[in-house]
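Asks: Questions regarding the structure given below will be posed in turn.
The numbers here are math on the coordinates, done by the rules we state, and not lab data. Worth saying up front: this structure is predicted, and the values here are computed from it rather than measured. Here the Cβ positions follow ideal geometry from the backbone for every residue, glycine too, while neighbour counts run over all protein chains shown.
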Amino acid sequence: MTRDELEKRNVGENLDALMNLDPRGYGVCRILYAGSRAFAGQPLTMQAAQRLCDAVHPGDTVVILTGFVLLPHKVPEMDGTVSSMLLARALVLAFGAKPVIVCPADSVEAIRRCAAVVGLHCYEDLETVKALPLSMGVVAFTKDKEAAPAQAQELADTLDPAAVIAIEAAGANEKGVYHNAGGLDVTELQAKSEALWNLLRSRGVTNIAIGDLGNEIGMASIADHIRKYVPFTAPGECACGCGGGVLSASKADCIITATCSDWGCYGMMAALAYLKRDMEILHREEMESEVMRVAARNGFIDMTGSLLPGIDGFSTRLNVGIVSLMRQCTAYAVRHSHESDRWFEPVLQKGFFTAS
């Protein structure tokens, strides 16, 4: 291991730890992280950011799947969508990429209104997105399972993306049923964008899935671990009677699990800022709170059902705090990296990190 490899690893460890802080205390994020870390073999945030750096170049399209629709109000939640908007901005700044958010129709208008907060023009016409700078796209994906393959084929051919990222995007179990966290059947509410995910993955497109329970796209990559330790995920444990459990059947080549999916996405963005040595890639605290407020004012709800700004029950203040800690930890490494150079070689010589 080299000096730079050690620093990169430990920045990733910081970000992984921050995205898995457990204010609730029941430990699901820690359970998921144990499985996803064993799957990845390295810090999740840094692995995902490195894959984006390897795959995405100026002008490339990146598809972002998001938009979990919740009972009982039948409207989309904040988690996933807030970070998708901020990730779109990060991809433009980091790569000059063309981000396209694919979501249920319920989310489109609010996403259009949030785009201005992150400084991007938002278009439903994908050719306009490709032609204009500082632009992102938004596409409503069908909720009709029968229509999904044809739309997936059309989008895959039109966009030809360099990468696809799923953030809190609903995934069906092995019986084709979509569930909420409590195990209820929410199939009719969800965009069937998994068809696009599976098609792009089959074509070898770089893919990153971010989730916080197991009912999201991509989480079957650690299926055995989730079924063993996470409630409601094993066969027969869901509440709807399908007998399949809430675990998504789709897999990913690269996964991030976190306390809430948005925090996982922020960790990846911070790692990207570190790799690019540009802290502007990770948004500032003020932008985090403003996107949350605008999303809430335009109909997105917290997991609790509240229309007040919140993500999975966590307030604006807590989400801003997570972003702030990620910014400060990463910025320190970027700006003051070599002030501790005299320590790296002696630490490496002791062998702890080589052994682990």
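Asks: Tell me, how many Å apart are the Cα centres for segment 116-157 and for segment 242-265?
Replies: Rounded to whole Å, the Cα centres lie 23 Å apart.
Asks: Now a separate question. Can you count the Lys pairs in the chain with C-alpha separation below 17 Å, eight or more apart or on different chains?
Replies: 11
Asks: In a Gaussian network model over the chain where Cα atoms closer than 10 Å are linked, find which of L189, L132, L247 has the largest mean-square fluctuation.
Replies: L132
Asks: Find out how many positive minus negative residues lie around E280, taking Lys and Arg as positive, Asp and Glu as negative, among other residues whose Cβ is under 11 Å from that of E280.
Replies: Local net charge: +4.
Asks: Evaluate the charge dipole of the chain about its Cα centre and quote only its size in Debye, nearest 20, assuming +1 on the Cβ of each Lys and Arg and -1 on the Cβ of each Asp and Glu.
Replies: Value, rounded to 20: 520 debye.
Asks: Another question, then. Have a look at H73, A163, Y266 and report the one farthest towards the positive end of the charge dipole of the chain, computed about the Cα centre with Cβ charges (Lys/Arg +1, Asp/Glu -1).
Replies: Value: Y266.
Asks: What ranking do W263, W197 get, fewest neighbouring Cβ atoms within 10 angstrom at the top?
Replies: W197, W263
Asks: Local charge sum around T316 (other residues, Cβ-Cβ under 9 Å, Lys/Arg +1, Asp/Glu -1)? Walk me through the numbers on the way to the answer.
Replies: Numbers: positive: R293, R317; negative: E288.
Computed value for this residue: +1.
Asks: With a ≥ b ≥ c the root eigenvalues of the C-alpha gyration tensor of segment 121-176, is it rounded (a/c under 1.5), prolate (a/b larger than b/c) or oblate?
Replies: The shape class here is prolate.
Asks: For helix 148-159, report the angle its Cα long axis makes with the longest principal axis of the Cα atoms of the chain; keep it between 0 and 90° and round to the nearest 10°.
Replies: For 148-159 against the chain, the angle is about 40 degrees.
Asks: Here is a further query. Just check segment 168-230 against the gyration tensor rule for me: Cα atoms, a ≥ b ≥ c as the square roots of the eigenvalues, rounded for a/c under 1.5, and otherwise prolate or oblate depending on whether a/b exceeds b/c.
Replies: Oblate is the answer for segment 168-230, as a/c is 1.5 or above yet b/c matches or exceeds a/b.
Asks: Starting from the eigenvalues of the Cα gyration tensor, five times each then square-rooted, give me the equivalent ellipsoid semi-axes of segment 280-356, largest first, whole Å.
Replies: One finds semi-axes of 39, 15, 7 Å for segment 280-356.
Asks: May I ask you to derive the FRET efficiency for R284 and K228 from their Cβ-Cβ distance with R0 = 45 Å, giving the value to the nearest 0.05?
Replies: Plugging the Cβ-Cβ distance into 1/(1 + (r/R0)^6) gives 0.65.
Asks: Rounded to whole Å and sorted largest first, what semi-axes of the equivalent ellipsoid does the C-alpha gyration tensor of segment 31-125 yield via the square root of 5 times each eigenvalue?
Replies: With the √(5λ) rule applied to segment 31-125, the semi-axes are 25, 21, 10 Å.
Asks: Something else: Less than 13 Å Cβ to Cβ from P99, Lys/Arg counted +1 and Asp/Glu -1: what total charge do the surrounding residues give?
Replies: +2
Asks: While we're looking at this one, here's another question. For the chain, just the Cα set please: Rg and Dmax, both in angstrom.
Replies: Calculated on Cα positions, Rg and Dmax stand at 19.2, 61 Å.
Asks: Work out the FRET efficiency for D144 and A331 from their Cβ-Cβ distance, taking R0 = 51 Å, and round it to the nearest 0.05.
Replies: Step by step, r from the Cβ atoms, then E = 0.65.
Asks: Still on this structure, please answer the following. Which distance in nm do the two modelled labels at D157 and D22 give, with both placed 7 Å along the Cα-to-Cβ direction?
Replies: Placing both labels 7 Å beyond Cα along the Cβ direction yields 4.8 nm.
Asks: Out of residues 5 or more away from I256 or on other chains, whose amide H comes under 5 Å of its own, with H placed 1.01 Å from N in the peptide plane?
Replies: Here the answer is A209, I210, G211, since their amide H atoms fall under 5 Å of that of I256.
Asks: Also, quick follow-up: List the longest stretch of the chain that has no exposed loop site; here a site is one of the trypsin sites (Lys or Arg not before Pro) assigned by DSSP to anything other than H, G, I, E or B, with at most 16 other Cβ within 10 Å.
Replies: Result for the longest clean stretch: 204-276.
Asks: Considering only DSSP beta bridges where both residues belong to the chain, give the percentage that are antiparallel (nearest 5).
Replies: 20 percent
Asks: Let me ask you something else. Taking amide H atoms as placed 1.01 Å from N in the peptide plane, list the residues 5 or more away in sequence, or in a different chain, whose amide H sits under 5 Å from that of L65.
Replies: Those qualifying (amide H under 5 Å, at least 5 residues apart or on another chain) are V102, I165, A166, I167.
Asks: Under 10 Å, Cα contacts only: if you run a Gaussian network model on the chain, which one of G119, G313, G35 comes out with the highest mean-square fluctuation?
Replies: G119
Asks: Build a GNM of the chain with springs between Cα atoms under 10 Å: which of A147, A270, A88 gets the top mean-square fluctuation?
Replies: Maximum among the listed residues: A147.
Asks: If you don't mind, another one. So how far, in whole Å, is the C-alpha centre of segment 65-89 from the one of segment 1-36?
Replies: 24 Å
Asks: Using θ = phi - 60° and the Karplus curve 6.51 cos²θ - 1.76 cosθ + 1.60, what whole-Hz ³J(HN,Hα) does each residue of segment 207-219 get, with Gly and Pro shown as x?
Replies: With coefficients 6.51, -1.76 and 1.60, one gets 9, 9, 10, 10, x, 9, 8, x, 8, 9, 3, x, 6 Hz.
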